[in-house]
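Structure record follows, encoded as structure tokens.
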Amino acid sequence: MQHRGQESTDGAGGGELIVPMAWLYAEYIADELLRTGDLMPPTSFEFRAGRDALALTIFLSDTDGELSGIRVVSQLETWLSLTAYDQPWQDWVRERMARLTAEAAESGAPAPDLNLAEAAWQWLEETELLAPDLNAVPGGGPAVGIGLGEDEGPQVWTKAWQLGLPLGHLAIHLF
């Protein structure tokens with residue numbers, strides 16, 4: 001699903017613009033799922049983490065290389081199973097990215113979709129966000145108590161994908 005621009009008119013094919021349609025479409029689907037779920041403000045880092053994790057899931061699960069708008073609803077179960085809590089999502093992403101990178105290197109063709117997916121994955125792995133500590137023992141310290149707001153409880157720095165993945169999963173459920 002690549003659109004080739006018409007910048008080159010000499011027939012040599014040089015200077016063509018390749019639009020990363022598969023990645024942009026995966027990102028659009030992820031964005032719509034998260035907006036529909038209304039889980040967090042679209043301007044937040046948490047939203048970005050959820051969108052990027054979900055877009056990676058959508059993009060990498062498309063083994064035929066043709067995301068289809070008609071198939072979106074039929075793919076929801078697949079995306080749910082890939083983003084489930086007990087699944088090794090990050091290992092699946094690494095394996096799939098390595099396979100796509102090897103295929104792109106073998107073909108020698110530009111891979112703008114893969115470049116954007118790699119940038120999203122790098123951000124998800126290298127960025128940490130402050131999130132509620134879900135492993136905190138209730139009543140285990142002075143920061144935990146009755147009447148505290150959600151921002152006042154124990155918090156921990158969490159990799160962006162570890163926060164974004166469950167948000168994406170929940171957004172699919174809410175859709």
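The values are calculated or read from the model by the stated rules, or taken from the named source; none is laboratory data. Because the structure is predicted, anything quoted here is derived from the model rather than measured. In this analysis, Cβ positions are derived from the backbone assuming ideal geometry, glycine residues included, and neighbour counts consider all displayed protein chains. SASA here: full protein model, heavy atoms, side chains in, ligands and nucleic acids out. Shrake-Rupley method; radii C 1.70, N 1.55, O 1.52, S 1.80 Å.
Being more than 16 Å from the chain's Cα centre (by Cα) and not in a helix (DSSP H, G or I) is true of Pro110.
Of the residues screened, Leu76 is not one that is among the hydrophobic types (A, V, I, L, M, F, W, C), in a helix (DSSP H, G or I) and buried (at least 16 other Cβ atoms within 10 Å of the Cβ). Can you tell me which residue is modelled with the highest pLDDT among those in region 129-151 that are among the acidic types (Asp, Glu) and exposed (fewer than 12 other Cβ atoms within 10 Å of the Cβ)? The selected residue is Asp151.
Residues are listed down the side, and each one gets a yes or a no for (1) polar (S, T, N, Q); (2) open to solvent by 40 Å² or more (accessible area, probe 1.4 Å); (3) out of contact with any Pro (no Cβ under 8 Å at 6 or more places or on another chain); (4) at pLDDT 90 or above:
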position	(1), (2), (3), (4)
Leu39	no, yes, yes, no
Glu46	no, yes, yes, yes
Ala49	no, no, yes, yes
Thr57	yes, no, yes, yes
Thr63	yes, yes, yes, no
Leu82	no, no, yes, yes
Arg96	no, no, yes, yes
Pro110	no, yes, yes, no
